[in-house]
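Shown next, in structure tokens, is the structure this report addresses.
The values are calculated or read from the model by the stated rules, or taken from the named source; none is laboratory data. Computed from a prediction, not measured in an experiment: that's the story for all the values here. In this analysis, Cβ positions are derived from the backbone assuming ideal geometry, glycine residues included, and neighbour counts consider all displayed protein chains. The accessibility values were calculated without ligands, DNA or RNA, using every heavy atom of the protein model including side chains. Shrake-Rupley method; radii C 1.70, N 1.55, O 1.52, S 1.80 Å.
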Amino acid sequence: DLAYHSAVHGIDDLMVQHNCSKDGPTSQPRLRTLPPGDSQERSDSPEICHYEKSFHKHSAAPNYTHCGLFGDPHLRTFTDTFQTCKVQGAWPLIDNNYLNVQVTNTPLTIIFKSFQECVDQKVYQAEMDELPAAFADGSKNGGDKHGANSLKITEKVSGQHIEIQAKYIGTTIVVRQVGRYLTFAVRMPEEVVNAVEDRDKQIDFQTIRSAQATEGRARRKGPSVPAPPEAFTYETATAKCREKLPVEDLYFQSCVFDLLTTGDVNFMLAAYYAFEDVKMLHSNKDKLHLYERTRDLAPGNTAPSGTAPTLWVALLCLSQCWLCLL
């Protein structure tokens, strides 16, 4: 969509060239007239493009699972485990037959793979201060196929909160910008989560964890890490986090951990919104709060009791994890 890309990239260049200010009145864009039968006007059809409608009336309802990524970063997996990771580079958060989510330090890329007569392949890209309400090609739905409206983007709060509905796979995705960071949350049927080819090629995290932990400890020997900011003490961090997170679960502990290590109060909001997304997306209300046993900390580690240490950790929403490297 050349008009879209011109608007995104060309106008900023022109404004800089002509020394234009971004403050002041703006005019509404002209609506594009769509030809009769354009995919953006069609209803959600055929039935195969609506995951829930494809189930027979007497069949058991699908079991939905949730995965979320927020903070510095913290991950809640589809299996309701909670992990904290320190990672560089790009790595796959989700990768199955229908969907691929790639994460780097700040940008986020979501690829919806082409699916039968429902949707064309669509790519969504977001990064700090750029949370578009459209796919990379400028479209807001699944393209030109007959069931294209089974994939839609909705802007909830301009520049801060978007929601993607992928009805053909029964999936809802929420992306937010909180401060200088993005948060990601997804609700997906268990059947879709587990639709993975070449399962044998995936890394089995459990079998290599011990060896990699030893290697990680060896790599960490050397110059000491700079001390974290002292904007918060443990007492002031817990008091601040309790304003939004009254239950001392892992979301609360993550909030405290991030305030102590970064001093950035936006991490409190990131944990708060992550939990709000869990309440909206998780199908099992008994599993909204997560608690973990206190881990034994190595000498010199002053992380608050109950928080997962910021070490390497397996990070993938699927139960078959990929490895996050320091």
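For the reader, a short list of remarks on this structure follows.
- Filter on K122/K244; K167/K244; K156/K279; K122/K279; K140/K244; K53/K156 - keep pairs with C-alpha separation over 24 Å: K122/K244; K167/K244; K122/K279; K140/K244; K53/K156
- Here the Kirkwood formula, the inverse mean of 1/r across different C-alpha pairs, assigns the stretch 64-211 a hydrodynamic radius of 16.0 Å.
- Accessible solvent surface per residue of the stretch 64-211, calculated while the other protein chains remain in place, 1.4 angstrom probe, Å²: 41 Å²
- For the listed peptides 158-165, 271-278, a ranking on the average number of other beta carbons within 10 Å per residue, highest first, reads 271-278, 158-165.
- Highest-first arrangement of 112-120, 247-255, where packing means the average Cβ count within 10 Å: 247-255, 112-120
- Under a model in which nothing but the beta-carbon of Lys, Arg (+1) and Asp, Glu (-1) is charged, the stretch 82-129 shows a dipole of about 160 debye around its Cα centre.
- Distance between the modelled labels on H289 and T233, one decimal in nanometres: 2.7 nm (7 Å Cα→Cβ projection).
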